[in-house]
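In what follows, a single structure is set out as structure tokens and then discussed.
The values are calculated or read from the model by the stated rules, or taken from the named source; none is laboratory data. The structure presented is a predicted model; accordingly, all values stated were derived computationally and were not measured. Cβ sites come from the backbone with ideal geometry, for glycine too, and all protein chains shown count toward neighbours.
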Amino acid sequence: MPVISFANAKGGAGKTTAALLLATELVNRGSTVTLFDADPQKWLSRWAELPNLPRGITVVSETSASSIVSQIQDAHGSTDYIIVDLEGTENLLVANAVSISDLVIVPIQGSAMDARGGAKILGLINKLQKIVQKDINHCVLLTRTSPLVKTRAMKTVHDRLAANGVKVLITPLVERAAFRDLFDFGGGLAQLPEGAVSNLDKARQNAAAYTSEIRNLLLSATSRQRWTQKHKAAS
Ligand SMILES: Nc1ncnc2c1ncn2[C@@H]1O[C@H](COP(=O)(O)OP(=O)(O)OP(=O)(O)O)[C@@H](O)[C@H]1O
Ligand SMILES: [Mg+2]
């Protein structure tokens with residue numbers, strides 16, 4: 001059961017939106033998801049109280065720095081994915097969640113290219129990797145990008161970060177009203193009524209491509225891990 005955390009010390013980077021889109025897309029494909037709302041602002045807990053809560057999602061609202069690791073371990077056997085939405089800061093709860101994640105996604109606003117908060121979290125990941133003496137699989141997700149931005153311009157941003165050793169998801173999350181509306185309507189993009197918001201089909205395509213990319217990333221990380229374990233055992 002992969003644990004996926006969303007972290008960025010800078011507030012408003014799009015963590016909660018990205019966590020919610022991933023969770024709702026995964027349950028739409030038949031998986032079960034446990035969502036940890038580890039942000040005191042409790043956006044996900046409030047969303048879960050709205051109508052249209054998709055079947056397969058469980059939201060855990062109460063957590064703390066001292067309990068998050070055991071809570072995640074307890075949820076392990078009973079859900080297909082664990083997704084953790086973290087506060088826009090750097091604290092012990094963030095560090096604990098990051099250190100037991102199979103994948104840490106660092107959303108960074110693509111348009112502003114204000115990567116300072118992201119750089120802080122990437123620094124924290126590096127520090128934790130040294131402490132726990134293992135690699136923490138992580139990548140940057142560009143968020144709120146303009147639908148008008150040409151693929152080539154996105155590729156430049158992508159290549160610039162990659163040149164600095166930062167893994168960046170190929171699919172950015174575009175600025176879409178439909179993503180914002182989920183926090184008013186409840187549910188996921190599948191539950192939004194047709195025609196209720198502009199470009200709903202494009203928003204759905206974007207969220208689907210983003211979810212597929214993360215699933216593939218997790219699958220390749222798992223097969224890499226198995227390969228290493230097999231070869232360690234054989235040697
Ligand atoms: N791709 C997007 N398209 C449209 N609006 C977005 C998108 N991503 C985020 N937003 C909006 O930007 C604001 C901040 O997003 P969000 O709450 O997801 O960020 P966050 O990183 O979780 O913030 P915080 O650090 O406060 O927890 C919200 O109003 C959200 O609706
Ligand atoms: Mg948030």
Checklist outcome for this item: In the range 14-38, residues that are within 11 Å of ligand 1 (Cβ to nearest atom) and within 17 Å of Ala190 (Cα to Cα) total 5
Checklist outcome for this item: Within the range 160-179, restricting to residues that are within 21 Å of Ser212 (Cα to Cα) and outside any loop (DSSP other than H, G, I, E, B), the one that is modelled with the lowest pLDDT is Ala162
Checklist entry - If you go through the range 1-16, how many residues are in a helix (DSSP H, G or I) and either in contact with a Pro (Cβ under 8 Å, 6 or more places away or on another chain) or among the acidic types (Asp, Glu) (or both)? => result 1
Checklist outcome for this item: Heads up, the strands (runs of 3 or more DSSP E) in the range 34-140 (entirely inside) with at least 1 residues that are under 18 Å from the mean Cα position of the chain (by Cα) and more than 29 Å from Pro193 (Cα to Cα) are 81-86, 103-109
Item to check | Hits in the range 54-84 - residues which are within 16 Å of ligand 1 (Cβ to nearest atom) and either out of contact with any strand residue (DSSP E or B) (no Cβ under 9 Å at 6 or more places or on another chain) or more than 15 Å from Ile100 (Cβ to Cβ) (or both) | outcome: Val59, Ser61
Checklist entry - Just one of the numbered conditions (1) polar (S, T, N, Q); (2) closer than 25 Å to Leu26 by Cβ; (3) free of Cβ contacts under 8 Å to residues at least 40 places away in the same chain is not true of Asn91; which one? => result (2)
Checklist entry - Which of the residues belonging to the range 6-44 are near ligand 2 (Cβ under 8 Å from one of its atoms) and of a type in the set (Lys, Arg)? => result Lys15
Checklist entry - Of all residues in the range 1-13, which are within 12 Å of ligand 1 (Cβ to nearest atom) and either among the charged types (D, E, K, R) or buried (at least 22 other Cβ atoms within 10 Å of the Cβ) (or both)? => result Phe6, Ala7, Asn8, Ala9, Lys10, Ala13
Checklist entry - Looking at (1) surrounded by fewer than 21 Cβ atoms within 10 Å (Cβ to Cβ); (2) more than 16 Å from ligand 1 (Cβ to nearest atom), which is the one condition that is false for Gln41? => result (2)
